Amino acid sequence: MNLTNQVCAVTGGAKGIGLATAQALLARGARVALLDLENVTLDHPHVLSIRCDVSRAADVKSAVDQINEQLGPIDVWVNNAGLARHRWIPDYTEEEIDLMLAVNLKGTILGSQAALKAMIPHKRGHIINVISTASLRGIPSETVYCAAKWGVRGFTQGLAEEAAAHRIRVTAILPGGVDTAFWDDASQRQAPKQLFLKPEHIADGIVACIEMDDFCVPRELVLRSLDDSDFSVKPA
């Protein structure tokens, strides 16, 4: 897809991976809607900022309506909004569990549903779900986050099959450690941020997938830094 003048929506667009993705899309000539509960400070003539709680269907529908009215039909939808609470299992509150499932899992489902409805009439589009390598394995102090992201990965696989029948592409992006606010409360783990990717690395991967020929579907992309390893291996 050539991104020039394409209408792209990015959830969780106020900072981190979402903001970096928006900047990368704008650099390629796209028009971008940024959806977030926080204020978006990106000042650009082709940016539409929308306050949106991705876990509320009414908010998501309202965002789609605003995008259609002010930017045009949606070509790309990036489900990036997500959050974590780092706790040992006995220490999670019910409110924290509900919040992570609502934003990470339900938010992705609602965003994908809205995007698919908007794209089906045009028989074209690309839905990107930013998941995590936490959807590949269980991680201590991230158990509820893992549960949500495993759910998102399973949902995304089903979404890809349904969307393909309408000529709509679906891609799962699985970042490893990324230097963002995700780690702000990770007192249980020493986050080695010097080994982590930057948000711009993930944005580059997202844009690369979108810019592939529409006939090609990059179903799943795992992105980790060269030093982010599960094993300690010394060169021979």
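On the Cα set of the chain, report Rg and Dmax in Å, please.
In order Rg, Dmax, the Cα atoms of the chain give 17.2, 60 Å.
When the dipole is taken about the Cα centre of region 7-223, and only Lys, Arg (+1) and Asp, Glu (-1) are charged at their Cβ, what size is it in debye, to the nearest 20?
Dipole about the Cα centre, nearest 20: 440 debye.
For n ≥ 4 DSSP H runs only, could you compute -39500 (n - 2.57) per run for the chain, divide by its residues and tell me the 222 nm figure to the nearest 500?
After summing the helix terms and dividing by the residues of the chain, the value is -11000 deg cm²/dmol.
With the chain treated as a Gaussian network of Cα nodes joined by springs under 10 Å, which of Leu226, Leu35, Leu48 yields the largest mean-square fluctuation?
Leu226
Take every Cα pair under 8 Å in region 7-223 that's 6+ residues apart, average their separations, divide by the length, and report that relative contact order as a whole percent.
In percent, rounded to a whole number, it is 21.
Which one, Leu195, Gly29, Met119, is farthest towards the positive end of the dipole of region 7-223 when Lys and Arg carry +1 and Asp and Glu -1 on their Cβ?
Met119
Between Leu37 and Ile97, what is the FRET efficiency for a Förster distance of 22 Å, r being their Cβ-Cβ separation, to the nearest 0.05?
0.70
Ratio of alpha-carbon Rg to the 2.2 N^0.38 Å globular estimate for region 1-49, to two decimals, please. Walk me through the numbers before you get to the answer.
On the way: Rg = 9.6 Å, N = 49, 2.2 N^0.38 = 9.7 Å.
So region 1-49 has a normalised radius of gyration of 1.00.
Which net charge results for the neighbourhood of Leu42, defined as the other residues with beta-carbon distances under 11 angstrom from its beta-carbon, given Lys and Arg at +1 and Asp and Glu at -1?
Details: positive: Lys15; negative: Asp36, Asp43.
Local net charge: -1.
Gln194 to Val222: FRET efficiency via 1/(1 + (r/R0)^6), r the Cβ-Cβ distance, R0 25 Å, to the nearest 0.05?
Computed FRET efficiency for Gln194 and Val222: 0.75.
Bear in mind that the values in this text are calculations on the coordinates, not laboratory data. All of these numbers come straight from a predicted model, not from anything done at the bench. In this analysis, Cβ positions are derived from the backbone assuming ideal geometry, glycine residues included, and neighbour counts consider all displayed protein chains.
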